[in-house]
Amino acid sequence: MEALLATYLKPLVMTAVIILLFPLIAGYITLAERKVLADFQVRLGLMRVGPYGFLQPIADAVKLLLKEDIVPSAADRWIFWLAPVLSTVTALTAFSVLPLGPNLQVADVNIGLLVILSLSSVGILGTILGGWASNSHYSLLGSLRSAAQMVSYEVAMGFAIVSGLMVAGTLSMQGIVKAQFDRQIWFAFSNYGLMFIPFVTYSIAAVAETNRAPFDLPEAESELVAGFHTEYSGFRWALYFLAEYANMFVVSSIAVTLFLGGWLRPFANIEALRHPLDFAFPAGLFGLIGVGCAIGMRRRTVAVDKGIMAVLAMAMLGAAAAFLVPMINAAIIGPFWFLFKVSVILYCFIWYRGTFPRFRYDQLMRVGWKYMIPIGMGALIVNGLVLLKAR
Amino acid sequence: MHPITTVHYLFLSAALLLVGTIGVLTRRNIVVILMSIELILNAVNINLIAFSRQLGNVNGQVFAIFVITDAAAEAAVGLGILIALFRNKETVNADEVDILKW
Amino acid sequence: MKKFLRAVFLVDLIEGLWVTFRNQKPSLIYTEQYPAERPKVAERYRGAPRLNINPDNGETLCIACNLCALACPERLIVVTSERNEETRRKELTTFTYDTSRCMFCGLCEDACPVDALELTQDFELATYTREGQIWDRQMLEEGPRPTQYTH
Amino acid sequence: MPDVTFLDANELVLNMGPQHPSTHGVLRVILKLDGEKVLGCECVIGYLHRGVEKIAENRTWMQFAPYVDRMDYVAAVSNGLGYCLAVEKLMSVEAPPRAQAVRVILTELNRITSHLLWLGTHALDIGAITPVFYCFREREEALKIFENYCGARLTTHAFRIGGLQYETYDTFEKEVLAFCDMFPAKVDEYEELLTGNRIWLGRTRGVGILTAEDCKDFGVTGPVLRASGVEWDLRKAQPYSGYEKYDFAIPTGRNGDTFDRYIVRIQEMRQSLRIIRQAVEGLPTGPIMGKVPKVMKPPVGECYVSIEAPKGELGYFVVSDNSTQPYRVRVRPPSFVNLQALDRMCRGSLIADVVAIIGTIDIVLGEVDR
Amino acid sequence: MLDTALFYIFAALTLGGGVLTITRRSAVHSAIWLITSLLGVAGLYLLQRAEFLAGVQVILYVGGIMVLFLFVIMLVNLDQAAKEKRFSGQKWIALACVAAVALQALWFVSKGAGRFTLGQPSIAGENLGNSEHVSRVLFSQYLLPFELASILLLVAIIGAVVMAKKRI
């Protein structure tokens, strides 16, 4: 019975939690994206729904759910239905092997990274089929473009990942994190800093792989309307949207796991830094946010807003307090560092979007094939030689 | 219920092979013919994996990897030919490509 | 060489990133939350028209000279007057001003010899009907009335 | 392999606009494509036609002045200046020195606002979503000066025939100088964001090349002409409103591509600041209105006056029959003429480049269609 | 128990997908069913403890080859083909031949079935299938075929480019 619980119940519960919770998290990632983008652009961003726009994602979700479900009359109904589902399912399935913490993982399989790669390659089908099934020229063009882009950048991404795997010596996600603990260094900085090249290659390829700016050709609204999901609206469109954000989360998680030490805190081997980094830092961070919320609460005038801000402030301060309790701390510090690193990378995604102009299609392909792939290959060879010498 | 043995895999593999063969022999669309070839290759792979498991070594899996490589090469060249064909004859019908020139 | 190093280390891109990053200060936020915060309108702003009245006796300052109507490029001002037999002066009877056609060029204001017609700082001129855009003498003197809905 | 011909015949006609985010208004462009390559394009205009020139024939000389603001509505001050200069020339009056200096300050400020709007939207077309907000932030500062001076931000109606209607306000000089002090750093910021950026360079270098010969053939003027290396600026060539008194340079490009046009406009903003600073510091005192009768009846005759608007040569050809209303007003709008070169610039480029090229000409459809 | 159920599920996916692949009229639908079939095969690999191969199957077959197929299907406009007859004139002869082969195969397999009754996976097989093990064999025992395969792929790439490109 115990074994049954361990083998079936825990993964099932975690899966359910991820499936139920991630749409909400994705919604709040969009909120964060809009707020951060507004910050870059000297604007305020969302301010109307809830205090500082806090309830906007929920309002958006309700709006999308209640929208009329439109299927173009010439569309292939069956595939039109299948494509966004395929995208979302594959993107969410990839969460199953992400090592959120030392024990917090749906399944630690020995081909963990391979699972994510294969799921992302299945996810491309959602893009292609969606564009084809819409039976619209803009969609088809957009889907072919984005699929070509994703396939070509997947190669560069693959080289970067193989470099990381070579250093780790295993495909298992937990194994990769453990290898970084054993080698006492994050892989992004190992091999005398040479591993930084695959890390940068991976970061750039990941942006392209998720079709984000400056590689957002499929959604280049000044040229192509909205790319492969031009004909999608309402809930189906929301599924694509969810898939995009899930993919962002997944590629960031791979970067964190493979190059930035996963759930390990910085300098995980230096015991002296344990207290400042594992206790003081998260407590201080959440404490600061909590105090910020409290100040924000006093500025709000509407009672409901005040209430929401108060609840937020309490929650944040509570979280800060929780990090100070050693028992709870031990359970949540891993996920904290993991999510913290992931959010830093997600912030960079938004940062790129706010800063760079968009590539032209031929330039994008040129960057992929003529720069990213050779650099990825070169980095693989150089790092292999360094590893060989070290042995 | 009987436990699954290698024989099950062999029957499945044979069935898939036959399905693929039927596809190759009867369909007129070249794209579907190429897809049927993929089915045949997969039938082979199932056999290889089943025997690999039975014999307790990974040689069968290595062979399967070679088969997949081969399938990739075959698909790339086959589809390349198909594109060239379509460009010249505007058809993907196997019956209409019966003269060895264009 | 310097150029090559700049290219390899993506200096141009990092410079751009730094620009957006340093613009994140909350003090730099330029947004005006319009209905909550009223924008400051310049003194010379040309907004809703107003027909000034003498604050002492409540009589209109307008002498019905019709110069504004003549100056208006859109000819949207209509002034009618009546000659008062006692004082031998023209007295204003009606004054209509069609804000729907007005482009707020200020020529009428410039033309008025007694500063009776003035373009004020009020900029919220939306109404629910086209008729509501035509302001009569009372509206010009007292400001727009509360919105009336038509069905 | 045999010579393949018939798939090359896949000429595609794509209709871009009139409702398209990157055609800057209601421009419709019919593109003839070979795959992604543009074989040629044709502009369909007139969606914003309001008959401004005909309106002029039914208004008095004075009354027509607000209408010219509505042609190039992002550079309304320049439009007003051109019209006032034309009528003044017809009536042989000249604005007093103080009025001329204020006119220079405001038109140069207007050049900056126009270029800022162009820069923001051009960058947005190419996919950089942030510069537009920075540009509008600085533009807002200049518009505030307009609002304080003449009561309107966009369609200013700032000048009158013969001089100015409004005397400058108390803090006018201080505010303008403050703008001059603040602005160069902001231009540096835009340049940091775009000029060196390799993606920006990739999208603009060598895109939409227009040679000096082409420019002359098409009659293209303004920054587009100067980016092709022709040092032609009406402020230097035929000075008006006292431009001969100010010291400034004419920035020119070399290749005549989209990047050069971008650089030329950025440099022009800096030069405009130089002019504004000189004008404010040497602002003369005196009357602001020349001797103009209340009812204007210019003598029979015609004249053509052109000025250097932000987008190029803006010319007014006015004919008077000695009545209170113009007999004919004909406008030579820079956008309309510059738009002719679109076909030449687009040939051989990709669809994505067309977006950049339309942006780089800096057209305002209100002016193209009138 | 679970393994048995999973085997039948994956087998049904594989065979059903295969049958639908060769019978659908629209090439895109065929491709989707082929993908289903390939995913079923990947599931069978997983059941056989060939995890690495399952991953490769999905990445290469579904993510690579099938995407290529879909690209080509969308590039060559197949509306015409969808309206035409699905099967060629030789279908009855073909089916007869296939039936003969089927009988033969059945005979062989059932003849040899007795030799596989003990075909339970050996204990040694249990820890097989992980990527380390495969790579060890691949890069030592089969190094030459591996390199030859890479050359084959290179040739295929060049060939495909030459075939598909309008002008080189």
(request) May I ask you to order D:163-171, A:86-94 by the average number of other C-beta atoms within 10 Å around their residues, highest value first? (result) A:86-94, D:163-171
(message) Which cysteines in chain C lack any other cysteine whose Cβ sits under 4.7 Å from their own Cβ?
(response) C:CYS62, C:CYS65, C:CYS72, C:CYS102, C:CYS105, C:CYS112
(request) Could you size up the charge dipole of chain B around its Cα centre, putting +1 on the beta carbon of Lys and Arg and -1 on that of Asp and Glu, and report it in debye to the nearest 20? (result) 80
(request) Report, by chain and number, residues whose modeled amide H sits under 5 Å from the one on D:GLU313, excluding near sequence neighbours (fewer than 5 apart, same chain). (result) D:THR221, D:GLY222
(request) Please give the helix D:351-361 orientation as an angle from the longest Cα principal axis of chain D, in degrees from 0 to 90, rounded to the nearest 10. (result) 20
(request) Note down the Stokes-Einstein diffusion coefficient of region D:42-158 in µm²/s, whole number, using a Kirkwood radius over alpha carbon pairs, 20 °C, and 1.002 mPa s. (result) 136
(request) Using only protein heavy atoms and a 1.4 Å probe, report how much of D:VAL187 is accessible, in Å² to the nearest 10. (result) 0
(request) Just add up the charged neighbours of C:GLU118: K/R +1, D/E -1, any other residue whose Cβ is under 15 Å from the Cβ of C:GLU118. (result) -3
(message) Could you order the peptides D:238-244, D:121-127 from most to least packed, using the average number of other C-beta atoms within 10 Å per residue?
(response) D:121-127, D:238-244
(message) At a probe of 1.4 Å, how much accessible area disappears from chains B and E on forming the pair, both sides counted, to the nearest 100 Å²?
(response) 7000
(message) Name the residue from A:TYR28, A:SER118, A:ALA3 whose Cα lies farthest towards the positive end of the charge dipole of chain A, charges +1 on Cβ of Lys and Arg and -1 on Cβ of Asp and Glu.
(response) A:TYR28
(request) Treat every Asp and Glu Cβ in chain D as -1 and every Lys and Arg Cβ as +1, leave all other atoms uncharged, and give the resulting dipole magnitude about the Cα centre to the nearest 20 debye. (result) 920
(request) Enter the accessible area of D:GLU191 (Å², nearest 10), with the probe set to 1.4 Å and all protein chains included. (result) 40
(message) With angles folded into 0 to 90 degrees, how steeply does helix D:172-194 sit against the dominant principal axis of chain D? Use alpha carbons for both and round to 10.
(response) 10
(message) Around D:VAL132, under 12 Å between beta carbons, what's the net of Lys plus Arg minus Asp minus Glu among the other residues?
(response) +1
(message) Counting other C-beta atoms within 10 Å, and keeping those with at most 11, which DSSP coil trypsin sites (Lys or Arg not before Pro) do you find in region D:238-281?
(response) D:ARG254
(request) At 10 °C and 1.306 mPa s, grab the translational diffusion coefficient of region B:6-93 from Stokes-Einstein with a Kirkwood Rh over Cα pairs, rounded to a whole number in µm² per second. (result) 113
(message) Just to confirm, what accessible area per residue do you get for chain A at 1.4 Å probe, in whole Å²?
(response) 43
(message) Show log10 I(q)/I(0) for chain A at q = 0.13, 0.15 Å⁻¹, two decimals, from a solvent-free Debye sum over equal Cα scatterers.
(response) -1.22, -1.51
(message) What number comes out for accessible area per residue over chain C if the probe is 1.4 Å? Units Å², please.
(response) 66
(message) Residue by residue through C:25-38, how many Cβ atoms from other chains fall within 10 Å of the Cβ on average?
(response) 3
(message) Amide H of C:LEU117 versus every other amide H placed in the peptide plane: which residues, excluding those fewer than 5 positions away on the same chain, fall under 5 Å?
(response) C:ASN52
(message) Report the rotationally averaged projected area of chain D based on its alpha-carbon convex hull, in square nanometres.
(response) 19.4
(message) Probe radius 1.4 Å, ligands and nucleic acids left out: can you give me the accessible area buried at the A-D interface, summed over both chains, in Å² to the nearest hundred?
(response) 2000
(request) Mind ranking C:125-138, E:12-25 by how tightly packed they are, going by the mean number of other C-beta atoms within 10 angstrom, highest first? (result) E:12-25, C:125-138
(message) Using only the alpha-carbon atoms, how far is helix D:258-281 inclined from the longest principal axis of chain D? Give it as 0 to 90 degrees, nearest 10.
(response) 10
(request) Have a look at A:VAL291, A:VAL42, A:VAL97 and tell me which one the Gaussian network model of chain A (Cα, springs below 10 Å) gives the largest fluctuation. (result) A:VAL42
(request) Would you rank B:LEU39, A:LEU285, D:LEU12 by solvent-accessible area, highest first, keeping every protein chain in place and using a 1.4 Å probe? (result) D:LEU12, A:LEU285, B:LEU39
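Once you compute Rg and the Kirkwood Rh from C-alpha atoms, what is the Rg to Rh ratio for the protein assembly as shown?
My calculation of the ratio gives 1.05.
For region C:49-142, just run the numbers: alpha carbon Rg, then divide by 2.2 N^0.38 Å, N being how many residues it has.
1.07
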(message) Using only protein heavy atoms and a 1.4 Å probe, how much accessible area in total is buried between A and C, to the nearest 100 Å²?
(response) 1300
(message) If you take each beta carbon of peptide A:363-369 and count the beta carbons of other chains within 10 angstrom, what is the mean?
(response) 2
(request) Lys and Arg at +1, Asp and Glu at -1: add these up for the other residues within a Cβ distance under 13 Å of C:ASN54 and post the number. (result) -4
(request) Tally up the carbon and sulfur contribution to the accessible surface of region A:61-153 as a whole percent, 1.4 Å probe, everything protein left in place. (result) 67
(request) Just report the Cα centroid separation between region A:64-121 and region A:359-391, whole Å. (result) 28
(request) Quick one: which residues, 5+ away or cross-chain, put their amide H under 5 Å from the amide H of B:ARG27? H built at 1.01 Å from N. (result) E:SER88
(request) Using every Cα-Cα pair within region E:1-82, state what percent have a distance larger than 18 Å. (result) 47
(request) Kindly write out, for region A:38-44 in residue order, the coupling ³J(HN,Hα) from the Karplus curve 6.51 cos²θ - 1.76 cosθ + 1.60 (θ = phi - 60°), rounded to whole Hz, with x marking Gly and Pro. (result) 4, 4, 4, 9, 6, 10, 8
(request) Note the direction-averaged projected area, equal to a quarter of the hull surface, for the Cα convex hull of region C:1-70, in nm². (result) 11.8
(message) Treating only the Cβ of Lys, Arg, Asp and Glu as charged (+1, +1, -1, -1), what charge dipole size does the protein assembly as shown show about its Cα centre? Round to the nearest 20 debye.
(response) 1880
(message) Please report the accessible area of A:LYS35 (heavy atoms, 1.4 Å probe, ligands and nucleic acids excluded) in Å², nearest 10.
(response) 50
(message) Roughly how far apart, in whole Å, are the Cα centres of region D:121-164 and region D:165-235?
(response) 15
(request) Counting only heavy atoms of the protein chains, get the accessible area per residue of region D:60-369 (1.4 Å probe) and round it to a whole Å² value. (result) 31
(request) Report, as an integer, the average count of C-beta atoms from other chains found within 10 Å of each Cβ along A:132-142. (result) 1
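The values are calculated or read from the model by the stated rules, or taken from the named source; none is laboratory data. Just so it is clear, the model here is predicted, and its values are computed rather than measured. FYI the Cβ positions are ideal-geometry reconstructions off the backbone, even for glycines, and counts take in every protein chain you see. Each accessible area value is taken on the protein alone, full model and side chains, heavy atoms only, with ligands, DNA and RNA left out. Shrake-Rupley method; radii C 1.70, N 1.55, O 1.52, S 1.80 Å.
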